[in-house]
Amino acid sequence: MPLVHRKAGPMTEGKHRAAVRMSAAAAVLAVGFWPAAAPSSGKPEWIVNQSAVSLLGGAGLTHAQLQTLFGNDRTYLIRGLTQTAAAPVSGALRTVSFTSYQAMERQFAGPGLPAGTRAVLYDNEDWSFTPAGEQRNPAKYEELAASLVHAHHLLFITAPAVDLTDVLAPGESSHYAAYLRLGLAASAARYADVIDIQAQGSETSLSTFTSFVTAAAAQARGANRHVTVLAGLSTNPSGQHVTSGQLLAAYDAAQPNVNGYWLNIPSGGPYCPRCGAPQPQVAVPLLRMLLNGR
């Protein structure tokens with residue numbers, strides 16, 4: 001059944017966060033219905049993996065600093081389905097990530113999600129972890145995933161990768177232009193609470209990064225004025241060399257148009273064969289600036 005969005009009046013950031021902290025029974029009435037916060041002019045929202053937080057700790061940030069940055073309900077902390085050890089920070093919203101709707105559906109139908117899960121992320125990409133049918137029809141599976149997640153009173157985060165254009169528009173010279181032409185931000189945002197614009201692959205070209213994030217964010221909000229928009233940042237996207245200055249420039253360029261960021265600190269492996277060793281030190285100067293009130 002399609003989701004029906006009711007109209008809502010303006011809601012402050014504090015009320016927004018209060019809604020997220022409501023009981024599961026009440027949260028279902030709020031999910032997806034409040035207006036998104038204005039583009040980030042203060043403290044950003046974050047998506048960050050538990051392993052990334054631990055890597056930042058090893059790169060020189062103290063536990064107290066990490067708690068200040070990510071230990072709050074503005075942070076979606078991605079943790080594995082079987083991770084039972086204490087999280088590296090407290091207070092973040094526990095988030096589970098799936099690369100396919102099929103896997104998500106099986107998990108809900110079977111063992112369910114870990115206790116305390118508050119959000120579910122759907123990461124549809126052109127890779128072996130997402131079924132070909134989902135890659136070819138992202139809009140359909142975005143809606144199915146949103147319906148499933150919302151039926152369980154959870155927040156739905158979507159992050160369709162730019163490389164889906166290799167499947168949907170093979171041969172086009174610009175992934176970013178094709179992504180916008182195909183309306184991938186619109187179809188992803190339509191039923192979502194949060195959308196991440198995976199722009200991190202263009203960080204080394206600030207003009208490309210800026211224009212893409214600006215256009216994709218506008219497209220997402222055009223489809224769903226309530227959606228929270230984040231931009232992807234990475235210390236080494238697909239193994240590219242990114243400097244701390246380039247990361248900071250990308251942060252600043254996106255800030256007028258987004259509510260926050262997905263900070264990626266990838267390492268080589270099946271999900272990113274070309275990434276090589278993780279580079280958490282690249283993100284430390286940016287995060288220290290934010291801690292100092294920049």
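The values are calculated or read from the model by the stated rules, or taken from the named source; none is laboratory data. This structure is a prediction, so every number in the text was calculated from the model and none was measured. Cβ: placed from backbone, ideal geometry, glycine included. Neighbour counts: every protein chain shown.
Going by the structure shown, is Thr82 at pLDDT 95 or above, out of contact with any Leu (no Cβ under 6 Å at 6 or more places or on another chain) and either farther than 28 Å from Ser238 by Cβ or not aliphatic (A, V, I, L, M) (or both)? Spelling it out, it is not the case that Thr82 is at pLDDT 95 or above, out of contact with any Leu (no Cβ under 6 Å at 6 or more places or on another chain) and either farther than 28 Å from Ser238 by Cβ or not aliphatic (A, V, I, L, M) (or both). Out of all the residues in the stretch 63-90, which are touching a residue at least 60 places away in the same chain (Cβ under 8 Å), touching a strand residue (DSSP E or B) at 6+ places or on another chain (Cβ under 9 Å) and hydroxyl-bearing (Ser, Thr, Tyr)? Within the stretch 63-90, Tyr76 is the sole residue that qualifies.
If you go through the stretch 217-239 and keep only what is more than 24 Å from Leu287 (Cβ to Cβ), within 15 Å of the chain's Cα centre (by Cα) and in contact (Cβ under 8 Å) with a residue 40 or more places away in the chain, you end up with just Val227. Quick check on Arg74: is it charged (D, E, K, R) and either crowded, with 17+ Cβ neighbours inside 10 Å or at pLDDT 95 or above (or both)? Yes: the conditions hold for Arg74.
Of the residues in the stretch 241-251, none is within 16 Å of the chain's Cα centre (by Cα) and within 19 Å of Gln50 (Cα to Cα). Cβ-Cβ distances below 8 Å connect the following pairs, each with a first residue in the stretch 158-178 that is closer than 25 Å to Thr228 by Cβ, a second residue that is assigned to a helix (DSSP H, G or I) and of a type in the set (Phe, Trp, Tyr), and a separation of six or more residues or different chains: Val162/Tyr176; Val162/Tyr179; Leu164/Tyr179; Thr165/Tyr179; Tyr176/Phe212. Pairing each residue of the stretch 49-62 that is more than 19 Å from Ile78 (Cα to Cα) with any residue that is small (Gly, Ala, Ser) and in a loop (DSSP other than H, G, I, E, B), provided the two are 6+ apart or on different chains, yields C-beta distances under 8 Å for Ala59/Ala283. Put simply, of Arg106, Arg94 the only residue that is in a strand (DSSP E or B), over 22 Å from Gln200 (Cβ atoms) and not hydroxyl-bearing (Ser, Thr, Tyr) is Arg94.
The residue of the stretch 107-164 that is surrounded by the fewest Cβ atoms within 10 Å (Cβ to Cβ), among those that are touching a His at 6+ places or on another chain (Cβ under 9 Å), of a type outside the set (Val, Ile, Thr) and more than 20 Å from Ala178 (Cβ to Cβ), is Gly112. Every listed requirement among (1) assigned to a helix (DSSP H, G or I); (2) surrounded by fewer than 19 Cβ atoms within 10 Å (Cβ to Cβ); (3) touching a residue at least 24 places away in the same chain (Cβ under 8 Å) is met by Asp252 save one, (3). Taking the criterion of being more than 14 Å from Gly232 (Cβ to Cβ), in contact with a Phe, Trp or Tyr (Cβ under 6 Å, 6 or more places away or on another chain), among the small types (Gly, Ala, Ser) and surrounded by 20 or more Cβ atoms within 10 Å (Cβ to Cβ), would at least one residue in the stretch 183-190 satisfy it? Checked the stretch 183-190: no residue is more than 14 Å from Gly232 (Cβ to Cβ), in contact with a Phe, Trp or Tyr (Cβ under 6 Å, 6 or more places away or on another chain), among the small types (Gly, Ala, Ser) and surrounded by 20 or more Cβ atoms within 10 Å (Cβ to Cβ). Within the stretch 90-131, track down each residue that is within 16 Å of Leu155 (Cβ to Cβ) and among the aromatic types (Phe, Trp, Tyr). Of everything in the stretch 90-131, those that are within 16 Å of Leu155 (Cβ to Cβ) and among the aromatic types (Phe, Trp, Tyr) turn out to be Phe98, Phe108, Tyr122.
Tell me which of these Pro111 doesn't satisfy, since it passes every other one: (1) under 17 Å from Gln198 (Cα atoms); (2) in a loop (DSSP other than H, G, I, E, B); (3) more than 20 Å from the chain's Cα centre (by Cα). Going through (1) under 17 Å from Gln198 (Cα atoms); (2) in a loop (DSSP other than H, G, I, E, B); (3) more than 20 Å from the chain's Cα centre (by Cα) one by one, Pro111 breaks only (1).
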